[in-house]
Amino acid sequence: MDYKRYFDQAIGRLRDERRYRVFADLERNPTRFPVAKWYPDGIESGQAQDVLIWCSNDYLAMGQHPAVIEAAAQAVRLYGAGAGGTRNISGTNHPLVKLEAELAGLHRKEACLAFTSGWISNLAALGTIGQLLPDCLILSDALNHNSMIEGIRRSGCSKQIFRHNDTEHLEELLKAAGRERAKIVVFESLYSMDGDIAPVAKIAELAKKYNALTYVDEVHAVGMYGPHGGGICEREGVMDQIDIIEGTLAKGFGTLGGYIAADANICDAVRSYAPSFIFTTALPPALAEAALAAVRHLRHSDAERIAHQSAAQLTKSALVAAGIPVMPNTSHIVPAFVGDAELCKEASDLLLEKHSIYIQPINYPTVARGTERLRITPTPRHTEEHIAGLVEALVSVWKELNLPLFEPIPQHVIAFGPVAAE
């Protein structure tokens, strides 16, 4: 058996389809973000050049915040670098206890359970909750994230897909299932590839009407929306109507990890039954303290949210005015539509190699074939000068690749939806 051949063929297929992923070797420095060093020929060469990052999920630059960095540094000195093992074997480090209490308070829930990533929190929570409910039916939005799909699959439950953000279709499925059957409506508050926002209040209303649990993924909204950074559900005033809120510490809060916030018995059930929680090493104290500092800061500061939304609005307006085909939405996500996998990769390469701008291409299977795009994520650290440079570079790349530019639109007629912090 020539094992190597099968792996070579598998990688070859990805290259042929222009889906082979290349990870740029970047060196970030918190004092210079969003500027980073890029090693185009690998670290062995020792040759680096400055690039401007335009696709970070550290949306508010909290991973670079002095208070967050200092919290992590102090924790390493106090507690060491590691967690010591799983929580079952080594106990729960005290900073993690404080973090879970802070997150439960943020979402106004009885309890919270932290995981090593948002992907794992969805896998563990959905997989476990679905298994524990008899004859459970999961109703899942058509554009839910891979981690949610894997969690639903792991649960072994029956599953029905409702059309994206289509509450009429969701109601049809809920009504057909009947009030007495166990049901979970699973959706995201903010879909990160298109940037559109779910009708969270209407979904919560329907779930209550038909006696279903609600499970919302807020990973692209926590920290960034709502008066205290509780996400879209806080902004819309429906946190108390959502049963399980799942979030991440790796985006708006700028660190690492994921969590669920819910009634205490739900969190305890997941803690007690989920293998991906029980058998995984816990978040180390330094990460817990860093995340805690970020959550506490954003619960009391609107400055980052306001600056972030301002940068997103300015970036969208400038790109649209220059004719770049920005996919419209009312969030902070700025998707520039390309529509072809090969051209999307070429555009990304040209931006990096010719213009020192780093934006990863978004191709299948992350998005559907024919909807490939560059996903731009402004931060509070992106200045007007940065935005002007981005516009100039994208227009140059669009012209070089013969991608369609729209007729430039006068600034005063550009109208996006609301992007206020709350």
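The values are calculated or read from the model by the stated rules, or taken from the named source; none is laboratory data. Since the model is a prediction, treat every value here as computed from it, not as a measurement. Quick reminder, even Gly has a Cβ in these numbers, built from the backbone with ideal geometry, and neighbours come from all protein chains shown. SASA here: full protein model, heavy atoms, side chains in, ligands and nucleic acids out. Shrake-Rupley method; radii C 1.70, N 1.55, O 1.52, S 1.80 Å.
With Kirkwood's inverse mean 1/r over C-alpha pairs for Rh, give me the Rg to Rh ratio of the chain, two decimals please.
My calculation puts Rg/Rh at 0.97.
Taking the chain as a Gaussian network, Cα atoms linked when under 10 Å apart, which of Gly12, Gly254, Gly91 shows the biggest mean-square fluctuation?
Its mean-square fluctuation being the largest, the pick is Gly12.
Taking 7 Å along the Cα-to-C-beta vector as the label spot, tell me the Lys209-Ser301 distance in nanometres, rounded to one decimal.
That separation, rounded to one decimal, is 4.2 nm.
Semi-axes of the stretch 165-319's equivalent ellipsoid from the Cα gyration tensor, sqrt of 5 times each eigenvalue, largest first, rounded to whole Å?
28, 23, 13
Averaged across orientations, what area in nm² does the convex hull of the alpha carbons in the stretch 297-398 project?
7.0
Give or take rounding to whole Å, what are the principal axis extents of the alpha carbon atoms in the stretch 1-85, in descending order?
Extents along the principal axes: 52, 37, 28 Å.
Using a Gaussian network model of the chain with C-alpha springs under 10 Å, which one of Asp41, Asp268, Asp243 is most mobile by mean-square fluctuation?
The residue with the greatest mean-square fluctuation here is Asp41.
Under the Karplus relation 6.51 cos²θ - 1.76 cosθ + 1.60, θ = phi - 60°, what is the ordered set of whole-Hz ³J(HN,Hα) values for the stretch 362-375, x standing for Gly and Pro?
With the stated coefficients, the stretch 362-375 comes to 10, 10, 4, x, 4, 10, 5, 4, x, 10, 4, 7, 9, 9 Hz.
Leaving out ligands and nucleic acids, note down the accessible area per residue over the chain with a 1.4 angstrom probe, in whole Å².
For the chain, the solvent-accessible area averages 44 Å² per residue.
Where does each of 214-226, 309-321 land if you order them by average Cβ count within 10 Å, highest first?
Answer by packing, highest mean first, reads 214-226, 309-321.
R0 = 41 Å: FRET efficiency of Ser158 with Ala201, Cβ-based, nearest 0.05? All intermediate terms of the calculation are to be shown ahead of the outcome.
Values: r = 27 Å, r/R0 = 0.65.
Taking R0 as 41 Å, the efficiency between Ser158 and Ala201 is 0.95.
Over the chain, what percent of the accessible surface lies on carbon and sulfur atoms, probe 1.4 Å?
Accessible surface attributable to carbon and sulfur in the chain totals 52 percent.
Could you list which residues have their amide H under 5 Å from that of Lys183, counting only those 5 or more apart in sequence or on another chain, with H placed in the peptide plane?
Leu137, Leu213
Please list the equivalent ellipsoid semi-axes of the stretch 42-86, computed as the square roots of five times the alpha-carbon gyration tensor eigenvalues, in descending order and whole angstrom.
Numbers: eigenvalues 155, 66, 27 Å².
That gives 28, 18, 12 Å for the three semi-axes.
So what's the stretch 236-330 giving for Cα Rg divided by 2.2 N^0.38 Å, two decimals?
Normalised by 2.2 N^0.38 Å, the Cα Rg of the stretch 236-330 equals 1.47.
State the Cα centre-to-centre distance between the stretch 316-391 and the stretch 27-89 in whole Å.
Answer, in whole Å: 23.
Using only the Cα atoms of the stretch 284-357, what semi-axes does the equivalent ellipsoid have when each is the square root of 5 times a gyration tensor eigenvalue? Give whole Å, largest first.
Taking √(5λ) for each Cα gyration eigenvalue gives 32, 19, 11 Å.
Give me the percent relative contact order of the stretch 136-253, please, defined on Cα pairs under 8 angstrom at least 6 residues apart.
Values: 200 pairs, mean separation 25.9, N = 118.
22 percent.
For the stretch 1-149, just list the percent of Cα-Cα distances falling in each 5 Å bin from zero outward, please.
2, 6, 8, 11, 14, 15, 15, 13, 10, 5, 1, 0
For the chain, set up a Gaussian network in which alpha carbons nearer than 10 Å are linked by springs, and say which option among Val367, Val391, Val51 fluctuates the most.
Val367
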